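Read through the structure below, which is laid out as structure tokens, and then see the notes.
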Amino acid sequence: MIFSTVVLIVAVIVASVLAAWIARSAIKRLLAQHDRELKSAAIGTIVDAATEASVWNSLTPQEQVMNDRAVGMADIQVRLLPVKGSALAADWAAHQLAELKRTSATFGYQLEPALIEFRDRLLEWQKKPHRARKIFQDDIERWKAQNASSEKNLLAEQDAWVAQQHHDQFAAPAANTATKVQPLGYVPAAPAPAPSTETQRLLDDVQALEVRPAPLPNP
């Protein structure tokens with residue numbers, strides 16, 4: 001009886017542990033499947049948004065607003081995924097989408113290779129998040145360095161423009177003053193003197209005598 005009781009207790013314990021393990025495995029599989037579905041939905045939305053971004057300039061304003069909303073929702077979903085590197089993947093995707101929008105006006109149909117690379121990178125991150133995380137990190141660091149260099153060049157050009165404007169601002173009044181300054185030794189010409197009143201009266205009398213007719217001879 002003692003042996004049977006011990007065997008029964010051990011069997012119950014083993015069955016309970018086995019049932020708990022099976023239930024735990026099933027729950028983990030369900031959670032993993034749910035995470036994969038969320039990740040697939042978010043990646044699908046972002047890839048679709050990238051397709052729309054490649055023809056951004058041809059979209060109507062309403063379509064652009066709807067696309068931006070879809071991208072925002074997908075970005076939040078990716079960041080909330082319980083996967084390492086989800087924030088890096090979201091940052092990488094956001095940068096790539098911005099680049100596709102910016103170049104859609106000039107390149108157009110030539111953006112198809114970029115779309116394919118964008119899709120393959122995200123699919124690789126879904127399958128191998130640890131490996132893709134390092135690639136995303138390298139790309140983001142490279143973009144930061146490029147942006148810093150571009151900002152330095154822009155600031156240098158802005159400083160040069162401000163200096164040129166400052167030089168032109170102070171050079172213009174100096175040039176105007178130089179045109180107004182007369183050369184050394186210059187003596188302005190005196191105005192011609194006006195005739196006096198007496199002289200003018202004599203000139204009028206002479207003119208009147210010349211105009212007066214001669215008297216007729218007596219018969």
Candidate set: segment 126-150, residues that are open to solvent by 70 Å² or more (accessible area, probe 1.4 Å), more than 17 Å from Ala98 (Cα to Cα) and part of a helix (DSSP H, G or I); chosen: the one modelled with the highest pLDDT
Asp138
When residues of segment 81-97 are filtered for being open to solvent by 40 Å² or more (accessible area, probe 1.4 Å) and modelled with pLDDT of 85 or more, how many remain?
5
For segment 41-58, the count of residues that are open to solvent by less than 30 Å² (accessible area, probe 1.4 Å) and either of a type in the set (Phe, Trp, Tyr) or assigned to a helix (DSSP H, G or I) (or both) equals 6
Search result, residues across segment 59-77 that are of a type in the set (Gly, Ala, Ser) and either open to solvent by 70 Å² or more (accessible area, probe 1.4 Å) or farther than 12 Å from Ala90 by Cβ (or both)
Ala70
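From Leu38, Leu31, grab the single residue that is touching a residue at least 40 places away in the same chain (Cβ under 8 Å) and open to solvent by 60 Å² or more (accessible area, probe 1.4 Å).
Values: Leu31 fails: touching a residue at least 40 places away in the same chain (Cβ under 8 Å).
None of the others qualify; the one that does is Leu38.
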Pairs only if they're at least six apart or on different chains, beta carbon under 8 angstrom, first in segment 98-109 and more than 18 Å from Val65 (Cβ to Cβ) and among the charged types (D, E, K, R), second surrounded by fewer than 16 Cβ atoms within 10 Å (Cβ to Cβ) and at pLDDT 85 or above; list them, first residue then second.
none
Looking at this structure, is Val47 in contact with a Lys or Arg (Cβ under 6 Å, 6 or more places away or on another chain) and at pLDDT 85 or above?
yes
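The values are calculated or read from the model by the stated rules, or taken from the named source; none is laboratory data. Since the model is a prediction, treat every value here as computed from it, not as a measurement. When we count neighbours, we look across all protein chains shown, and the Cβ atoms used for this are built from the backbone with ideal geometry, even at glycine. We work out accessible area using only protein heavy atoms, side chains counted, and drop any ligands, DNA or RNA first. Shrake-Rupley method; radii C 1.70, N 1.55, O 1.52, S 1.80 Å.
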